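Everything on this sheet refers to the single structure shown next.
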Amino acid sequence: MPKIEVNESLFFKLLGRRMDSVSLEALLPNAKAELDAWDDTSTETEDRTIKIELNDTNRPDLWSTAGLARQLRVRETGEIPSYPFFVPLGESRKAAYTVIVDKSVQKVRPYLAGFVARGPAISDAMLKDFIQTQEKLTWNYGRKRRSVSIGLYRPSIIAWPVHFRGADPDKEAFVPLQETRTMTLRQILAEHPKGKEYSFILQNEAVHPLLLDDKDRVLSYPPIINSADLGAVLVGDKDLFIEVTGTEYPSVSLTASILACDLSDMGFSIENVQVQYPYDTPFGRNVCFPCYFQPEMRAGIEETRKLLGLGMSVEEARNAAQHMGSQARIEGDQIVIKPAEYRNDFLHPVDLIEDILMGMGMDKFPPEKPHDFTIGRLSAIEEFSRKAKLSFVGMGYQEMIYNYLGARKDYIDKMGIQPESVVKISNPMSESFEYLRNSPLPGLLGTEAVSSKAPYPHRIFEIGKIALLDKAENYGIATRQYAGFLSCHAQADYNEKASHVATLMYYLGKEYTVREAQDCRFIPGRQAEIVWAGKPVGIFGEIHPTVLEAFGITMPCAGGEIDLDLLLN
Amino acid sequence: MDALSVAKTLHPLEVRILLAYDPGSEIDGETVRRDLHFREGQENQAFSWLLGKGLITEVARSASTHFELTALGHEYAEKGSPEERIIALVAEQGPAKLIEIAEKLGFDQKTIGSAFGLLSKVGTLSLDNDKRAMLVGEASFPQRVLTIKALLTKAKAAGGAVAETALSEAELEVIRSVAKKRGAGDSPFRVVERERVLYRLTEAAEEFRGLLKSLGVSGEELGALTPGLLETGDWKKASFRPYNIGVAPARTIPGRKNPYVEFLESVKDKLVSLGFEEFDGNMVETEFWNSDALFMPQFHSARDIHDVYSIEKPSMAKFIEEPHLSKVAAAHENGGDTGSRGWNYHFDRDFTRRLILRSQGTVLSARQLPSAKVPGKYFGIVRCFRYDKVDATHLSDFYQTEGIVLGKDVNLRTLLGFLEMFAVEVAGAKEVKYVPGYFPFTEPSVEVHIKHPVLGWFELGGSGIFRPEVTKSLGIDVPVLAWGLGIDRMALMTLGLNDLRELFSPDLESVRLRRTLMQPK
């Protein structure tokens, strides 16, 4: 979930009024946002920022100062801002700027959108905000620039039209931002900080994308880095050319729309850019940006009432939808919206219905007591486990609970078992959490290893899940409910465990037999397999001194484990 | 402690001394043993306790020599000396060879030899022609033998030792000749230097004497109530010695449930009481059930390699059940028959089989859907795994509490009704607030914030109505409410902890001492 920092003055200017933290906190849920922090008055007014967390990952338009302010403003006033510069998909408009796409980028980065903004000199706060928006959009929404990346330029120094074409990474070179020397694309990926960060997107591509002006000067190397000459924007600049490239056209286009609406809100006028393709795209071969491409969405009033549990009128529903920024009309018993230009999150009528809910406000919906009668019950394994637990507690055992992820040294090396028998994580975060346990015993022995100062005798148990490799399963791995138990004291021995197992099995109502076992975790000849209904369901015995030594335990231990799932069925 | 409390806790040995002697009396171990029939050693115990309470003081201390019976001495005192026993044997059974006598009496030859030597010297025994010992005339004992016999009797009567001062010159001469320092095993006496300590009962003893009399304590009270006392009914003839209830009790180490598990069980019980049925499932799941079935697009940023744990071997499920796979794939690609326009991308049917560790409890809700009853309510408190750096507020594996409600007529307002019920019943909330939320698999989505009596305002849970893309793909045509509760903060509060890692603490002593401070209501 993205967190953004908004400049307090800029935010309130765009919102249309100032407010305190209590009012702001009450307002933010309308954008599924939460107040995270607010600079206090020790910071200069102009520099004060508000930290806000945005929860809706389908609303990238809210991840900027202007976008968030717009949502809150529209929600309060119901006045939908006008963005006349949008060109409906499929329509053409005469544009002063053109980008010509070459066939060579079709495989690597096929789509581009762009526009030009002219307006007031860019302030420091605006530039900061713009860079933040760019980062949030490309990182979260653009999947770390894989599907969407953004570039900013000064249009006046560019020789139009601009060209987007493929390049040989070992041959073409330019001076990237934050550098003074000419580097090949390959060098940039290997040596430039941004190149290293994003090289994963292009490293397996033979042809890399490059944006150039008509004089063949490099504007940028999408999605990696801009050129130092033509790709630098500074405070005080009045004109901007903004391009968005990527692999999914709706995301690329929506990103351009969001940026255009934000700049428009901040007083810029937006001018269209036409993009020409030599190949078919979901948007056609000639596309004018900013482009309005979102289809209408409709929801029946009955459907709306049923899902929300309230009998609102169709007008109420329409008004509520408008308060969320989309033009809405009534068609018979349906509410039809044209999604706001900066939104593309209506996949299903339920998305519109949620907008109606939010437009009306949650407080209009009083909670209703459930009336369907159902019978509650614990799962059979939980009931059975609790029965086993009572026996252990009665026999003087302290129940323990452990994490299920652990280190090789604890689950495998110290236990002296084969690593192949334990489920391994292929992308562990650290060695400490690399395996999914196959037994409760390492946890219990871990307790003994750190508890030699606790008064003896120690009798501990755990009932919990373990994972076993099992070729018969679709997943090749079975999850089982196990009871593990361990006694540690000077007289802990096989006989104590045998007696406790007998008691446990008696009260579980399971008649069992024992047979000799060869489990390296226990002392040979002092261990027994528990057999019930003809199958082995567990094992117990005296823990082998090799295991105790590996855990650094100097007290005799006897213990075991029982598969409760097997025993139940 | 006041005198009365002390008096109540006096040991019977102390009581008997206090009642037997007037204040000002001077007593020593020997006196007390003799007068009160204390066993050896008891007098010293009693003296040390009385000294500690200031009821006696030490008056004088003097050293004296004692002759103490050795193990052999005790045996002689009981069965007679070798000389006596030889005479008795020969008198009864007639002449016998020394070797036979030694065998019959169980003495070694040396002892028999020297005893015979003594007796033949005084003419009591002599050897006949067959080298057998025989009586010469009447059985008469030499004086020395008689003196030793008297000394043995005297020492035994005096509790196993006799003081040097209590013996005559003649007795001393004999005993000195047989006693050995540090008591060698072949001698009936050993010489010991004893310290005699003389005590005097203090004035304070007078007060205690009064108190004891008023309490009716005699020192003859019963200690433990034994089966024998109950069988014979002897307890009726005596009273019980009172115990000092001010003594710190010994620690008991009980068998116990783990308090965190107990907390989780109490939440489960609460949900069952609200009509929910428990579900459970695999820790290892597929991308399909963990995310695809929940309509999270495969390109979603939360599904990156570093957000879920994947399994090394096996890395893929063999198959995904149909028709779920086809229907979910269609919902992703173009909405299928769910009324959605879908995510509009190519659904990867290999990726969906990838094995991972369950990252959210909602997996179980999705898995439950195809077989769920309508109306139906289900829940699970299950272990989930997150790609988080472990610290006080993040764990790599932890419990999530999740559930669903299926019903023809459930809606947003019923959802709020359930949230209110959880807030009040499970969390003991005083105030409840609902705000719009966001989850990829629900629409609308609602967060519930509660004002907890101790913790104040916090987010109790997230919820919503499953998207039709989720439910219709799994064959469900009624609305399904989905909810999750964050109960970890309540668990920490209930257990008096402030670090999530402590919930799974391996430290036995800290788990043993942990208490449940407040059960959820």
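Please give the helix B:143-157 orientation as an angle from the longest Cα principal axis of chain B, in degrees from 0 to 90, rounded to the nearest 10.
Tilt relative to chain B: about 40 degrees.
Looking only at other chains, what is the average number of their beta-carbon atoms within 10 angstrom of each beta-carbon in B:414-422?
Mean inter-chain Cβ contacts per residue within 10 Å come to 4.
Using label points projected 7 Å from each Cα along Cα→Cβ, tell me how many nm separate B:Arg501 and B:Arg34, to one decimal.
7.3 nm
For the range B:247-263, just list the computed ³J(HN,Hα) in residue order, Karplus coefficients 6.51, -1.76 and 1.60, θ = phi - 60°, integers in Hz, with x standing in for Gly and Pro.
5, 4, x, 6, 7, 9, 10, x, x, 8, 6, 6, x, 5, 5, 4, 4
Mind listing the long-range amide H neighbours of A:Arg154? Cut-off is under 5 Å, sequence gap 5 or more, other chains count too, H placed in the peptide plane at 1.01 Å from N.
Here the answer is A:Ala232, A:Phe241, since their amide H atoms fall under 5 Å of that of A:Arg154.
Would you kindly derive the ³J(HN,Hα) couplings of the range B:228-234 from the backbone phi angles with the Karplus curve 6.51 cos²θ - 1.76 cosθ + 1.60 (θ = phi - 60°), listing them in order in whole Hz, with x for Gly and Pro?
x, 4, 6, 5, 7, x, 5
Could you pull out every one of the lysines with an alpha carbon less than 22 Å from that of B:Lys154, ignoring same-chain neighbours closer than 8 positions?
B:Lys154 reaches B:Lys79, B:Lys180, B:Lys181.
Considering the dipole of the protein assembly as shown built from charges on the beta carbon (Lys and Arg +1, Asp and Glu -1) around the Cα centre, which of B:Gln298, B:Ala248, A:Met395 is farthest to its positive end?
It is A:Met395.
Of A:Leu508, A:Ser123, B:Gly335, whose Cα points farthest to the positive end of the dipole of the protein assembly as shown (charges on the beta-carbon: +1 Lys, Arg; -1 Asp, Glu; origin at the Cα centre)?
Farthest towards the positive pole: A:Leu508.
For the range A:261-268, what does the Karplus curve 6.51 cos²θ - 1.76 cosθ + 1.60, with θ = phi - 60°, yield as ³J(HN,Hα) per residue in whole Hz, taken in order and with x for Gly and Pro?
Taking θ as phi minus 60°, the curve returns 5, 4, 5, 4, 4, 8, x, 7 Hz for the range A:261-268.
Using only Cα atoms, figure out Rg for the range A:496-569 and give it as a multiple of 2.2 N^0.38 Å. Before the final figure, lay out each step's value.
On the way: Rg = 12.9 Å, N = 74, 2.2 N^0.38 = 11.3 Å.
With N residues counted in the range A:496-569, Rg over 2.2 N^0.38 Å equals 1.14.
Within the range B:143-199, report the trypsin sites (Lys or Arg not before Pro) that DSSP leaves as loop and that have at most 16 other Cβ atoms within 10 Å.
Answer by residue number: B:Arg182.
How many percent of Cα pairs in chain B exceed 34 Å?
Counting pairs separated by more than 34 Å, the tail of P(r) holds 65 percent.
In which sequence would A:Asp372, A:Asp20 go, from the one with the fewest C-beta neighbours within 10 Å to the one with the most? Before the final figure, lay out each step's value.
Numbers: A:Asp372 16, A:Asp20 8.
So the residues, fewest neighbours to most, are A:Asp20, A:Asp372.
Pairs to check: A:Lys414/A:Lys497; A:Lys136/B:Lys318; A:Lys364/B:Lys373; A:Lys194/B:Lys389. Give those whose C-alpha atoms are more than 29 Å from each other in this structure.
A:Lys136/B:Lys318; A:Lys364/B:Lys373
With unit charges on the beta carbon (Lys/Arg positive, Asp/Glu negative), name the residue among A:Ile530, A:Ile301, B:Ser510 whose Cα is farthest towards the positive pole of the charge dipole of the protein assembly as shown.
It is A:Ile530, whose Cα lies furthest towards the positive end.
Over the protein assembly as shown, what number does the Rg to Rh ratio reach, with both radii from the alpha-carbon atoms and Rh per Kirkwood?
1.24
Only bridges whose two residues both fall in chain B count here: according to DSSP, what percent of them are antiparallel, nearest 5?
Of the beta bridges lying entirely in chain B, close to 95 percent run antiparallel.
Considering every residue in B:326-339, what mean count of other chain Cβ atoms within 10 Å of its Cβ is obtained?
Mean number of neighbouring Cβ atoms from other chains: 1.
For the range A:1-81, take N as its residue count and report Rg(C-alpha) divided by 2.2 N^0.38 Å.
Taking N as the residue count of the range A:1-81, the ratio is 1.02.
Per-residue mean of other chain beta-carbon atoms within 10 angstrom of the beta-carbon, peptide A:348-359?
5
In degrees between 0 and 90, to the nearest 10, how far off the longest principal axis of chain B does helix B:204-215 point, with axes built from Cα atoms?
Compared with the principal axis, the helix lies near 70 degrees.
7 Å from Cα along Cα→Cβ at both A:Leu390 and A:Glu5: what's the point-to-point distance in nm?
The modelled label-to-label distance comes out at 5.9 nm.
Which residues make up the longest stretch of chain A clear of trypsin sites (Lys or Arg not before Pro) that lie in a DSSP loop with no more than 13 other Cβ atoms within 10 Å, not counting the sites?
Counting only loop sites that pass the neighbour cut-off, the longest clear stretch is A:286-452.
Which of B:Glu443, B:Glu277 has the fewest other C-beta atoms within 10 Å, and how do the rest follow up to the most?
So the residues, fewest neighbours to most, are B:Glu277, B:Glu443.
List every residue whose amide H lies under 5 Å from the amide H of B:Arg196, counting only residues 5 or more places away in sequence or on a different chain, with H placed 1.01 Å from N in the peptide plane.
For B:Arg196, whose amide H was placed from the backbone, the distant partners under 5 Å are B:Ser62, B:Ala63, B:Ser64.
What residues have an amide H closer than 5 Å to that of A:Ala228, excluding those fewer than 5 places away on the same chain, when H is modeled at 1.01 Å from N in the peptide plane?
Sorted by chain and number, the residues that satisfy this are A:Val175, A:Leu177.
Just so you know, all these numbers are worked out from the coordinates, no wet-lab data involved. The structure presented is a predicted model; accordingly, all values stated were derived computationally and were not measured. Here the Cβ is made from the backbone with ideal geometry for all residues, glycine too, and neighbour counts use every protein chain on show.
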